[in-house]
1. To the nearest 10 degrees, how steep is helix 112-125 against the longest Cα principal axis of the chain, on a 0 to 90 scale?
2. Calculate how steeply helix 5-20 sits against the longest principal axis of the alpha-carbon atoms of the chain, using the helix alpha-carbon long axis, and give the answer as 0 to 90 degrees to the nearest 10.
3. Please compute the net charge surrounding Gly200, taking Lys and Arg as +1 and Asp and Glu as -1 over other residues with Cβ under 15 Å from its Cβ.
4. In deg cm²/dmol and to the nearest 500, what is the mean residue ellipticity at 222 nm of the chain if only DSSP H runs of at least 4 residues count, each as -39500 (n - 2.57), divided by the residue total?
5. Put a dot 7 Å past each Cα toward the Cβ at Glu16 and Ala216; how far apart are the dots in nm?
6. List the trypsin sites (Lys or Arg not before Pro) within region 1-93 that fall in a DSSP loop (any state other than H, G, I, E or B) and whose Cβ has at most 16 other Cβ atoms within 10 Å.
7. Ordered by residue, what ³J(HN,Hα) values in Hz, to whole numbers, does region 91-106 give under the Karplus form 6.51 cos²θ - 1.76 cosθ + 1.60, where θ = phi - 60° and Gly and Pro are x?
8. Looking at region 5-203 only, what percent of DSSP beta bridges run antiparallel? Nearest 5 please.
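Laboratory data are not the source of any read-out in this text; all were calculated from the coordinates shown. Quantities reported herein were computed from a predicted structural model and do not represent experimental measurements. Cβ sites come from the backbone with ideal geometry, for glycine too, and all protein chains shown count toward neighbours.
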Amino acid sequence: MTAPPQLTGARRRLVEELRHKGIRSEAVLDAIAKTPRHVFVPTGVAHRAYEDSALPIGSGQTISQPYVHARSLELAAITPTDTVLEVGTGSGYQSALLGALAGTVYSIETVAPLADRAREALRLAGTTNVHVIVGDGSAGWAANAPYDAIIVSAAAPSVPAPLVSQLAEGGRLVVPVGDREAQRLILATRRGTRIVQSDGEPVRFVPLLGEHGWSA
């Protein structure tokens with residue numbers, strides 16, 4: 001869909017702000033430049049869609065700060081042939097970014113009304129390679145595993161074992177791990193029978209609810 005000129009300019013400014021903050025992946029920056037974030041936020045905050053800030057989307061959830069999306073995607077190092085699992089569809093904005101980067105995306109959301117709204121926003125944005133599923137994202141989605149990359153959009157108390165088991169060889173898992181108030185962005189990569197893990201920057205996400213996350 002075509003954005004109004006003023007929104008297109010705001011999107012360009014957001015890309016330059018993210019570049020200034022250290023995002024180096026041109027593929028990620030290009031995806032952000034092409035993806036209409038205003039479609040994925042409530043109309044009451046649409047005028048703030050291209051600020052580098054988190055915004056409320058209802059059902060006690062938020063759309064993350066664009067920098068956090070960009071950094072997660074950069075860590076995941078997604079290629080155009082990758083099959084990707086997203087845990088926590090939320091607004092669908094990151095799903096659309098993933099759709100611009102990957103071959104096929106499966107996105108799992110525990111809150112059915114959010115999943116419905118995300119499907120409609122993805123349709124409006126012209127994204128056709130993202131499949132939104134309602135279920136317990138902490139358990140992943142074994143039906144289409146293994147995945148070249150898995151990105152978790154909610155905070156886990158530890159790296160969920162089912163997600164690690166669903167990684168392909170060389171697959172990358174990006175997940176915020178910590179307590180309910182503060183986490184660090186973790187990158188876990190499968191190398192044969194080993195999982196190589198590195199800690200990233202501090203972040204703050206809503207809790208990952210489910211069997212392998214937090215209880216409600």
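1. Roughly 50 degrees, rounded to the nearest 10.
2. Tilt of helix 5-20: around 40 degrees.
3. Once all neighbours under 15 Å are counted, the net charge is +3.
4. Taken over the chain, the calculation gives -9000 deg cm²/dmol.
5. Output for this residue pair reads 4.7 nm.
6. Lys21, Arg24
7. 6, x, 5, 5, 4, 5, 4, 4, x, 6, 9, 10, x, 9, 10, 10
8. Among the beta bridges of region 5-203, antiparallel pairing accounts for roughly 50 percent.
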